Amino acid sequence: MLFHIRTAILISAASLILTAIGGESQAQEKFDSKLLKNGKYTLACYAVNNGSEAPIGTFTIGINAANDQLALTTITALAGLEEWKDTSISKLDNFKPVYRASHSTLKDMVLHFGNNVTGYYVDKKTGKKTQIQETGNQYFIDSYTYPFLLSLLPLTSGYSTELPVYEYKPTNSDNLKKAVVEEVKNSTWISKYTGKHDVWEVTVVEPSTDEKSISYIDKKTRRLWQIDSWSNGQQIRMVDMEADFNSIKSPFDKEATMKMVKGGNAIINGQVFARDYNDNGTIWAKMQVMNIQAKQVAPRGTQVVLIPYNDYFKEWIKVNESQRKKGREGIALLDEAAQCIKTAQVYDDEGHFEFVNLMPGEYLLYTEFGYDHSYSQDEVVGYTDHYINGMFQGTSANTVNRSYSTGAGAVVKKVVTVSKPGEKVEVKLKKTHA
């Protein structure tokens with residue numbers, strides 16, 4: 001099962017390039033190492049069927065170019081399987097591999113590259129260990145470096161080339177294969193955080209297997225945004241989760257923020273309710289609509305959130321409001337920031353809540369709840385004509401009063417200030433309807 005998944009996902013998408021193309025000097029001219037950027041990236045992996053995506057897992061890839069070497073470390077987490085780790089080290093001047101290791105519940109593999117390829121492969125299912133020794137003095141790149149080296153090529157519309165890749169598998173008759181960068185063209189890719197990016201759409205095929213991949217590579221940064229691959233009738237999609245994206249510039253001090261919500265003796269308590277509405281400005285305004293129950297308290301168990309309203313949280317809220325206006329996803333909180341948010345529940349049938357152990361400062365309170373919007377209205381059911389001595393005097397409407405109830409919701413937020421230690425602040429979290 002593991003090898004099938006790796007074949008469908010990693011080989012198809014990450015090692016579709018193969019057979020020798022000449023010498024190292026030719027390879028050096030192809031790749032531009034200055035385009036490399038160190039960092040950690042997480043790709044979400046999906047199986048695609050008739051346009052629908054089913055999540056499979058994630059790949060978290062660390063890139064480190066230093067000391068004349070490129071080191072790639074991949075943590076693979078697929079549903080139903082234990083995580084495993086792959087390491088690939090290549091020379092930075094020509095990207096020929098130096099070392100390769102993979103450790104999972106099903107296999108152990110270690111390879112050393114030089115004039116020969118040496119190492120071992122252990123099948124943990126059968127216990128069989130295979131010693132590896134084969135000629136390695138020809139030029140090739142390692143399968144795990146391929147997606148990033150593809151980004152370093154001199155991409156332009158109409159560009160094409162062939163690249164060799166080495167990938168050891170016990171069932172291979174030849175561990176070197178050829179793949180063809182068949183087509184490069186202009187395209188766009190839409191980020192859920194940063195909007196539209198101009199990209200190169202790069203199509204790679206493997207002639208011997210008819211496998212294919214399409215990579216979307218940022219023109220400016222050469223970031224690999226997405227890979228779609230097809231193998232044995234399966235389509236696999238890997239998408240950058242942009243886990244490194246954070247537009248919040250304000251620093252966050254966890255110790256000071258945690259002290260703010262736990263290190264004091266001030267109290268914020270209050271009541272949550274919605275002031276129900278008369279539907280002013282709607283069609284009901286002309287029908288003498290009246291509320292049956294104007295004050296609607298939040299039900300017992302309603303959650304109230306308290307956010308320490310420091311510079312970091314203020315910017316986070318502002319940025320997320322801007323993101324929503326642009327139709328983009330919000331920015332996730334830092335884990336350490338999320339740990340400093342307190343919650344309380346409405347503890348009675350009157351909508352009351354309480355926060356304790358607070359330091360002086362500003363706090364944002366937030367809650368949302370549903371309630372029944374009950375109202376009555378006079379409705380015309382007919383008309384009566386009035387006559388005196390046979391002469392028409394006018395018409396009056398015949399009305400009845402009827403009661404209705406519909407579902408409604410309230411979202412309430414309010415900034416509250418604790419001015420001094422030990423202060424008890426009373427708050428009305430009231431939502432009114434315009």
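Computed values, structure above
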| read-out | value |
| --- | --- |
| Within the range 156-256, trypsin sites (Lys or Arg not before Pro) in DSSP loop having at most 11 other beta-carbon neighbours inside 10 Å | Lys220, Lys249 |
| Sites Asp210 and Glu321 - FRET efficiency at Förster radius 45 Å, r taken between beta-carbons, to 0.05 | 0.40 |
| Length gained when the stretch Lys219-Ala77 is fully extended (0.36 nm per residue, less Cα-Cα span) | 48.2 nm |
| Links that overshoot a 28 Å alpha carbon limit, given the list Lys37/Lys342; Lys219/Lys318; Lys259/Lys414; Lys259/Lys428; Lys219/Lys254 | Lys37/Lys342; Lys219/Lys318; Lys219/Lys254 |
| Stretch gain in nm, segment Asn246-Lys30, where the contour uses 0.36 nm per residue and the Cα spacing is subtracted | 74.5 nm |
| Paramagnetic label zone (point 7 Å from Cα along Cα-to-C-beta, Glu354; backbone N under 13 Å) in the range 254-271 | 266-271 |
| Peptides 118-131, 97-110, 41-54 ordered by average Cβ neighbours within 10 Å, highest first | 97-110, 41-54, 118-131 |
| Normalised contact order of the range 130-236, rounded percent, pairs of Cα under 8 Å and 6 or more residues apart | 18 |
| Sites Ser191 and Thr126, calculated FRET efficiency, Cβ-Cβ separation with R0 56 Å, nearest 0.05 | 0.80 |
| Additional length obtainable on full extension of the chain from Thr135 to Lys91, 0.36 nm per residue less Cα span | 14.0 nm |
| Aspartates and glutamates with Cα under 18 Å of Lys169, excluding same-chain neighbours fewer than 8 positions away | Asp86, Asp108, Asp123, Glu134, Asp142, Glu206, Glu211 |
| Given Lys314/Lys430; Lys34/Lys196; Lys40/Lys196; Lys30/Lys125, the pairs whose alpha carbons are separated by over 30 Å | Lys30/Lys125 |
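Values in this text are rule-based calculations from the coordinates and carry no lab data. Computed from a predicted model, the values in this text were never measured in an experiment. Neighbour counts are summed over all protein chains in view; Cβ atoms, including those assigned to glycine, are modelled from backbone coordinates with ideal geometry.
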